[in-house]
1. For the range 138-155, indicate whether the set of residues that are closer than 30 Å to K196 by Cβ, modelled with pLDDT under 85 and either touching a Leu at 6+ places or on another chain (Cβ under 6 Å) or not in a loop (DSSP other than H, G, I, E, B) (or both) is non-empty.
2. Can you pull out every residue in the range 97-108 that is touching a residue at least 24 places away in the same chain (Cβ under 8 Å) and either under 27 Å from G75 (Cβ atoms) or open to solvent by 60 Å² or more (accessible area, probe 1.4 Å) (or both)?
3. Tally time: how many residues in the range 83-101 are under 16 Å from Y197 (Cβ atoms) and among the aromatic types (F, W, Y)?
4. For the range 178-193: of the residues being modelled with pLDDT of 65 or more and farther than 12 Å from Y112 by Cα, which is most open to solvent (accessible area, probe 1.4 Å)?
5. Give the number of residues within the range 34-73 that are within 28 Å of the chain's Cα centre (by Cα), farther than 25 Å from F158 by Cα and either surrounded by 14 or more Cβ atoms within 10 Å (Cβ to Cβ) or of a type in the set (A, V, I, L, M, F, W, C) (or both).
6. Among the residues of the range 111-148, count how many are more than 16 Å from Y79 (Cα to Cα), of a type in the set (S, T, N, Q) and surrounded by 13 or more Cβ atoms within 10 Å (Cβ to Cβ).
Amino acid sequence: MLRFFHSLRRKLIEQDNMRKYVWYAIGEILLVMIGILLALQVNNWNEQNKKKAEAHLYHEYLLDDINLMIDDIDGTKQYADANFSAIKTSLNALNKGYLEVPEDSVFEVFLYRYYKFTISLQDLNTYKEMQSAGDLELIRNVHLRDELTDLLDRKDYFIEVHRTFHSNTHLTSDYLDPYLQYSFTSDTLNTNPVIKYNFNAMANDSVL
């Protein structure tokens, strides 16, 4: 094809047909421009397809992170609800001054767990990766993007609440520890230790 155009151009020059040569030159320029535009369009299509593939992959990873976070929140809430129930039952028993049959096992659960509250939250690693790579525009829904940012801020708040709770449980342990005695046996090395407590003394301690 190139040889044909070179041959045509040479023939026009040799014939000294300037008008036809000008039209030929214009046509050649237009062909080059069309070729460039087509190449740019193809490249643009390729880039768009690449971005769509990346957005789809990020979407899948984001869903995985969020589902794991939901599972963590559900597990943490269940554990916290069980602890809260045990605490209420134990406080009622201490205020009454005696333990009923169902309450004794709950009271022991409280003594085992009151200082073990934990919070586990899956991080939004995919969102942070997109943020670092400058790919947040792949999340075209601006509202969703803002919600994910807000979720990260809330996660930091939850962690701070968790730290505050732990600092407060240390104060609680100062009141409980004098009445508790933990012991370990070969049967309890991989489970909770055996715990002994003086319930009557605890119930009679107004500060506690």
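1. As a first pass, look at the range 138-155 and keep what is closer than 30 Å to K196 by Cβ: none.
No, that holds for no residue.
2. Just the residues of the range 97-108 that are touching a residue at least 24 places away in the same chain (Cβ under 8 Å), to begin with: 97-99, 107-108.
Residues satisfying the conditions are Y98, F107, E108.
3. Of the residues in that region, 1 qualify.
4. To start, the set of residues in the range 178-193 that are modelled with pLDDT of 65 or more comprises 178-186, 191-193.
From what is left, the residues that are farther than 12 Å from Y112 by Cα are 178-179, 183-186.
Numbers: P178: 100, Y179: 55, S183: 42, F184: 132, T185: 63, S186: 99 Å².
By that ranking, first place goes to F184.
5. 5
6. The initial filter retains those residues of the range 111-148 that are more than 16 Å from Y79 (Cα to Cα), namely 122-148.
Then drop every residue that is not of a type in the set (S, T, N, Q), which leaves 122, 125-126, 131-132, 141.
Now drop any that are not surrounded by 13 or more Cβ atoms within 10 Å (Cβ to Cβ), which leaves 122, 125-126, 131.
The number of residues fulfilling the criteria is 4.
The values are calculated or read from the model by the stated rules, or taken from the named source; none is laboratory data. A quick note: this is a predicted structure, and the numbers were derived from the prediction, not measured. Don't worry about glycine lacking a Cβ; one is built from the backbone with ideal geometry, like all the others, and counts go over all protein chains shown. To get the accessible areas, we keep the full protein, side chains included, count just its heavy atoms, and leave off ligands, DNA and RNA. Shrake-Rupley method; radii C 1.70, N 1.55, O 1.52, S 1.80 Å.
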